[in-house]
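S.K.: The structure under discussion is supplied below as structure tokens; questions concerning it will follow.
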Amino acid sequence: MQGRGFAPNGLVTLTTDFGSSDGYVGAMKGVLLSVSTELRLHDLAHGLPPQDIEHAAGVLRAACPWFPPGTVHLAVIDPGVGTARAPVVARAGGQVFVGPDNGLFGPVLAELGGATIVRRVDPQGRLGPWLRGDEINTFHGRDIFAPAAGLLAAGRIAVPEVGPPHTLLTWERVPPRRMDDGGLTGRVTGTDRFGNAVTDMHRAMLDGVPRAAMEVSLADGRRLPVLRTYGEVPAGEALALFGSEGFVEIAVRGGSARNRLGLRRGAVVRLVIRS
Amino acid sequence: MQGRGFAPNGLVTLTTDFGSSDGYVGAMKGVLLSVSTELRLHDLAHGLPPQDIEHAAGVLRAACPWFPPGTVHLAVIDPGVGTARAPVVARAGGQVFVGPDNGLFGPVLAELGGATIVRRVDPQGRLGPWLRGDEINTFHGRDIFAPAAGLLAAGRIAVPEVGPPHTLLTWERVPPRRMDDGGLTGRVTGTDRFGNAVTDMHRAMLDGVPRAAMEVSLADGRRLPVLRTYGEVPAGEALALFGSEGFVEIAVRGGSARNRLGLRRGAVVRLVIRS
Amino acid sequence: MQGRGFAPNGLVTLTTDFGSSDGYVGAMKGVLLSVSTELRLHDLAHGLPPQDIEHAAGVLRAACPWFPPGTVHLAVIDPGVGTARAPVVARAGGQVFVGPDNGLFGPVLAELGGATIVRRVDPQGRLGPWLRGDEINTFHGRDIFAPAAGLLAAGRIAVPEVGPPHTLLTWERVPPRRMDDGGLTGRVTGTDRFGNAVTDMHRAMLDGVPRAAMEVSLADGRRLPVLRTYGEVPAGEALALFGSEGFVEIAVRGGSARNRLGLRRGAVVRLVIRS
């Protein structure tokens, strides 16, 4: 009796910018396991850049779709804690997402499609029934989101009970622009630990174009081939390829595109079709 | 038959300063799961500042009380490994703590109250029965503490078997000083990943004083209001509030109080009552 | 019916150089749990130095042997992803190892002994049956190794099905050299988070020599005693000892041997026998 489309499997993932030197993540785990010692918790990542919603949204989009239906994803990157921003529970692809309604879940819900957004709209705009005490202003991860996620994952409350549907704060983003040659002008959305620069230009936007006809052009005039794999260039050389999520990615084999090519989030990158 | 007050629930938490680039945490997990593959291990934090007992004690106090009774908490921040410092097993609030007796558990046991401290007092002062080999001097986390925690969590040994009660090494700390105005002079006990500075002045020490009558005064003469939440000041401004554990905390909205106000552990901070 | 020598216990460990700020580890966990929500995943370490196979091999050797038989170890430190390097499945000590065949598993398999190496030798040299799609070139951890590890851990495929035995790429390393005095000339293989420098000279190579007769000699002429534990020297002083894996280790009590003595990987260290 879990209601429309969500049958919990006992899995809860955690994603935060809390790092690994404080007690915040541990406190959230304690709250979750106090709901039920049977929950199976899985860390996605806790070292996210502090309060960087855009980066966190990309992490959730990259990881969550791979989990099985019935999973609860708890994510707390929450620069607006204590402001008017609302908590949210969203359901998509048979999975549930719990966290602040600040754009964090926009990309992953778009990826999964068909999301239903629900939240508790008590007078304070909080996930009411799981609130402890009357003055919780600094750690909603422990005091609001973790209890909600735990109760959902344990099947003690059903998603529809959370409240009436509402509209998720969407993530504002300018999509890549189509060029006359059929190519795209996009931008770097982020870099990973290896210094690879990921763009917003997806393979699906280039349907029917053979990879050999593509070339990536950087702001400094540099041109890079679009290859299948890092191993196709010698060590130290730059290339472009379609990354593990299907977006155009710029890499330096055995090095860092971020450092070597100066590619930061927001940098303009063009994908050119050679005629 | 788990003896006085501890019925294991199969959960073991791990807290260390071992970081995430070596094999030490993994070896401890292997030892725990070799006791029983059914144990459910949960990382609290492994990136604690190396050998910083005071910081680690604060992490345990922030996280462990949220776990359900029956949990075993294994913590290894152990600058004195190989010296005369003893291993310890402590029980409080239906939970059990295993690690070096160096002050690490003082604050969390005080928070939970009613702790019973037991340890094995064999001639070497070691947790004897779980010792492998005869010359283990550098990695007690793997060779002494993990086997003890695993056997306790698996219910194969009961806490009372560990040995006779003794007195835990307590954490030496000067409490905040009461001022003539009813306020407090305390100090910063640490900063978190976001640069928030936590003090030792707890809300319970200010019982009956309305928050609006409080003000925090820093050594440089700066005065901060005590508010309910970060969102009550504009971005970039400093404030004080009661943090997620009830202690006075100094923050800069969207910034770092550590960097912007120069607040480090030990910095003197006054909480003033306005008349 | 798990075939020769491997009966899965449901445990899967994960070791990567993916860090904790991206979605890569989470995606792998999602794939594993999509094979079976019952798998119990355990992080060994994800902050390994990027693409440093030698370091990663030492981490696996330090941690994996402590796990119970039936465990699947999934490790992805894979600078050669997308090149001709093959995926590999190896079995030793009742445990199974899955990852790229780049030397990563050499030391741990040598430690466990009696390894059987098997891999799928389809025309592309890939672990064929678990491959998704037809153009997976950048994230074999998610697309090849995690499905393989999950299916092995869930008992859905047996090790022998993976393919015929072959020879693992071994880790090329010059062993320590025996000196006229019975001592050894070795080198530093790495340093840990505390700055301790671990060498390749193992206690077993010095069988029968009393520790009191040993001395460690550094390239700068400095001589260090070989003691039992860090606590035998005053704070700030250097010493040598046999570390937690039995190798000669150089440490500074309460400090960093890496920084204080300039010891880096590859530095030559001599163990001298005093007559």
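A quick yes/no check of all residues on (1) of a type outside the set (A, V, I, L, M, F, W, C); (2) surrounded by fewer than 19 Cβ atoms within 10 Å (Cβ to Cβ); (3) outside any loop (DSSP other than H, G, I, E, B):
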{"residue": "C:Leu44", "(1), (2), (3)": "no, no, yes"}
{"residue": "C:Pro49", "(1), (2), (3)": "yes, yes, no"}
{"residue": "C:Gly58", "(1), (2), (3)": "yes, no, yes"}
{"residue": "C:Arg61", "(1), (2), (3)": "yes, no, yes"}
{"residue": "C:Pro69", "(1), (2), (3)": "yes, yes, no"}
{"residue": "C:His73", "(1), (2), (3)": "yes, no, yes"}
{"residue": "C:Gly82", "(1), (2), (3)": "yes, no, no"}
{"residue": "C:Pro107", "(1), (2), (3)": "yes, no, yes"}
{"residue": "C:Gly114", "(1), (2), (3)": "yes, yes, no"}
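S.K.: Among the residues of the stretch C:233-261 satisfying the criterion of being touching a strand residue (DSSP E or B) at 6+ places or on another chain (Cβ under 9 Å) and of a type in the set (S, T, N, Q), which is surrounded by the most Cβ atoms within 10 Å (Cβ to Cβ)?
M.R.: C:Ser256
S.K.: Can you name the number of the only condition in (1) among the hydroxyl-bearing types (Ser, Thr, Tyr); (2) within 24 Å of the chain's Cα centre (by Cα); (3) open to solvent by 30 Å² or more (accessible area, probe 1.4 Å) that C:Tyr230 fails?
M.R.: (2)
S.K.: How many residues does the stretch A:31-45 contain that are within 8 Å of chain C (Cβ to nearest Cβ) and either within 13 Å of the chain's Cα centre (by Cα) or of a type in the set (A, V, I, L, M) (or both)?
M.R.: 2
S.K.: Scan the stretch A:74-89 and report the pairs whose first residue is facing chain B (nearest Cβ under 8 Å) and whose second residue is in a loop (DSSP other than H, G, I, E, B), with Cβ atoms within less than 6 Å and a gap of 6+ or a chain change.
M.R.: If the second residue must be in a loop (DSSP other than H, G, I, E, B), the pairs left are A:Pro79/A:Gln51; A:Gly80/A:Asn102; A:Gly82/A:Asn137; A:Gly82/B:Thr229.
S.K.: Moving on to the next point. Among the residues of the stretch B:103-127, which ones are of a type in the set (A, V, I, L, M, F, W, C) and either farther than 15 Å from B:Asp78 by Cβ or modelled with pLDDT of 75 or more (or both)?
M.R.: Once the filter is applied, which keeps residues that are of a type in the set (A, V, I, L, M, F, W, C) and either farther than 15 Å from B:Asp78 by Cβ or modelled with pLDDT of 75 or more (or both), the stretch B:103-127 yields B:Leu104, B:Phe105, B:Val108, B:Leu109, B:Ala110, B:Leu112, B:Ala115, B:Ile117, B:Val118, B:Val121.
S.K.: Would you please name the residue that is farthest from the other protein chains (Cβ to nearest Cβ), looking only at residues in the stretch B:90-101 that are at negative phi and open to solvent by 10 Å² or more (accessible area, probe 1.4 Å)?
M.R.: Among residues in the stretch B:90-101 that are at negative phi and open to solvent by 10 Å² or more (accessible area, probe 1.4 Å), the one farthest from the other protein chains (Cβ to nearest Cβ) is B:Arg91.
S.K.: Being within 12 Å of chain B (Cβ to nearest Cβ), β-branched (Val, Ile, Thr) and either assigned to a helix (DSSP H, G or I) or without any contact (Cβ under 8 Å) to a residue 24 or more places away in the chain (or both) narrows it down to one of C:Val12, C:Val25, so name that one.
M.R.: C:Val25
S.K.: Can you tell me how many residues within the stretch C:28-70 are out of contact with any helix residue (DSSP H, G or I) (no Cβ under 9 Å at 6 or more places or on another chain) and free of Cβ contacts under 8 Å to residues at least 40 places away in the same chain?
M.R.: Counting residues in the stretch C:28-70 that are out of contact with any helix residue (DSSP H, G or I) (no Cβ under 9 Å at 6 or more places or on another chain) and free of Cβ contacts under 8 Å to residues at least 40 places away in the same chain gives 5.
The values are calculated or read from the model by the stated rules, or taken from the named source; none is laboratory data. All values reported here derive from a predicted model rather than from experimental measurement. For neighbour counting, all protein chains shown are included, and Cβ atoms are generated from backbone atoms with ideal geometry for every residue, glycine included. Side chains included, ligands, DNA and RNA excluded: accessible areas come from the protein's heavy atoms. Shrake-Rupley method; radii C 1.70, N 1.55, O 1.52, S 1.80 Å.
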